[in-house]
Each structure stands twice: as C-alpha cells, then as structure tokens.
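The values are calculated or read from the model by the stated rules, or taken from the named source; none is laboratory data. Keep in mind the model is a prediction, meaning the values are calculated, not measured. For neighbour counting, all protein chains shown are included, and Cβ atoms are generated from backbone atoms with ideal geometry for every residue, glycine included. For accessibility, only protein heavy atoms count, side chains too; no ligands or nucleic acids. Shrake-Rupley method; radii C 1.70, N 1.55, O 1.52, S 1.80 Å.
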Amino acid sequence: MRFTNFILFFSILIPACSGGPAIAPVKGKISFMGKAIDTGVIMFHSETGPAAVGNIQKDGTYVLSTLRKNDGAIVGNHTVTIQATSVGGGTMEEPKSLEEEIKQSRATKILVPGKVTSLVPAKYATTVTSTLKVEVKNQENILDFELKD
C-alpha cells in the first residue's frame, strides 16, 4: 500500500472508530413541476460537518454519501442544494474570421457547444439562495423534494 493510500485509509478509519459524527441513511426523489428530475447532483450541507452528496438517477431518486458510499448524511440541520442541467447538441460552423480559423488550427469548421439549460430554478444551486432546509434524524430518512419556481 502506498504511503498516501495508507494515510487516507487511517484518516477515514480513525474518526469512524473514535465516535465521529452520527450519520443516518438518506434517500428520496426530486421532481420539478410534477416531473422527475433525471440527472444532476444533490448536496446536503451540514451545519456541523462535511456535506453529503448524491447523484440524481433517471427516475429522480437519490441516495446520499458522506464518508462511505450510500452511508447517508450527518444527523442534524442541513441546507440542500440541487444542480441539474442538460446540454443541447453542438453544431459545426464555419469560422467567422481568419483569426478564429487560425485559433482552431486551420480547421474548416469549429464546434459550437450546445446550449446549457437548467432543469431546476437557479436559486436551488447555492447555499446562499437555496430555500431548502431539512433535518436529518438518527433513523432512515426518506426526503422527497417537489420543487417549484
């Protein structure tokens, strides 16, 4: 085992063995205007410890992880953030100027990225603007979010 892996292993193991923060399982479903959100990331930002994160699945469900996969979130109060976007298809276009063509290594066409569209209102993306507050209890927590404008 390399030294850095050894340190990482014990930095995770020691808090778990020494009565680290209480963590409880958290899962749920996210929807916006009645439709399941099918991609993105949800985070629970604890007032007392590390944040928990979960990937949003195709059916809108999520499971949180803090120290280990699917272990949940720290027991206590959290601000919740949700970031979910889709990216439209890009297009190939002719360069608009000689400088643009030179910048693109004399390519005959350049890729123009697709439009990024937020699937949920932007206010849910940061802890400063999110209105989502929850309490994680020392039990299995099923926390669904029906987002509105």
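Things worth noting here:
- Of K58/K137; K27/K133; K29/K115, pairs whose Cα-Cα distance is over 23 Å: K58/K137; K29/K115
- Extending 7 Å from Cα along the Cβ direction at T129 and again at Q57 yields two label points whose distance is 3.0 nm.
- Residues with amide H under 5 Å from that of F145, placed H, sequence gap 5 or more: K29, I30, S31
- Nearest-10 value in Å² for the accessible area of V75, using the 1.4 Å probe: 50 Å²
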